[in-house]
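J.: Sharing a structure, written as structure tokens. Questions coming.
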Amino acid sequence: MEQITISVPASRTLSGKALAGVVGSGDMEVLFTAAPGETLTIDITTSVDNSRGRWEALFNRLTLVGSLPAGKLVIHDFGATPGVARIRIEQVFEEVSHA
């Protein structure tokens with residue numbers, strides 16, 4: 001298991017909490033808690049060693065295609081593909097923006 005923490009600039013503010021995925025599902029679980037500020041802090045626990053570069057690339061792409069909200073994102077990854085990871089992350093942001 002690898003622990004990764006990444007901080008990226010946030011350009012929007014939301015409120016509330018959201019959950020997407022289930023840790024026991026075999027791919028990943030994402031929990032988001034909105035907070036004031038200008039940073040999104042991401043804490044990742046992954047079963048895939050040496051995956052920091054993959055996660056940094058994913059969040060760089062997300063920053064390019066849209067604005068990320070300020071807060072804390074907790075990810076429990078058990079080998080999800082980058083496509084599934086992106087879907088789960090976008091799901092929590094969408095859920096909390098409609099709360």
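The values are calculated or read from the model by the stated rules, or taken from the named source; none is laboratory data. These numbers were taken from a predicted model, which means no experiment stands behind them. Glycine also receives a Cβ, built like all others from the backbone with ideal geometry; neighbour counts cover every protein chain displayed. For the accessible areas, the whole protein counts, side chains as well, though only heavy atoms, and no ligand, DNA or RNA atoms are used. Shrake-Rupley method; radii C 1.70, N 1.55, O 1.52, S 1.80 Å.
J.: Return the FRET efficiency for the residue pair GLU56, VAL23: r is the Cβ-Cβ distance, R0 is 22 Å, and the value is rounded to the nearest 0.05.
T.: E between GLU56 and VAL23, to the nearest 0.05, is 0.45.
J.: Return one number: the angle in degrees, 0 to 90 and rounded to the nearest 10, between the long axis of the Cα atoms of helix 52-65 and the longest principal axis of the Cα atoms of the chain.
T.: With both axes taken from Cα atoms, the answer is about 30 degrees.
J.: Something else about it: For the chain, which whole percent of the accessible surface, found with a 1.4 angstrom probe, sits on carbon and sulfur atoms?
T.: 54 percent
J.: For the chain, just the Cα set please: Rg and Dmax, both in angstrom.
T.: In order Rg, Dmax, the Cα atoms of the chain give 12.3, 35 Å.
J.: Against the longest alpha carbon principal axis of the chain, how many degrees, from 0 to 90 and to the nearest 10, is the axis of helix 82-97 turned?
T.: Result, in degrees: 30.
J.: Then there's this: Using the crude model of +1 on Lys and Arg Cβ and -1 on Asp and Glu Cβ, and no other charge, please compute the dipole size for the chain relative to its Cα centre, in debye to 20.
T.: 200 debye
J.: Follow-up question, since we're still on this one. Using the heavy atoms of the protein chains and a 1.4 angstrom probe, tell me the accessible area per residue for the chain in square angstrom.
T.: Using a 1.4 Å probe on heavy atoms only, each residue of the chain averages 52 Å².
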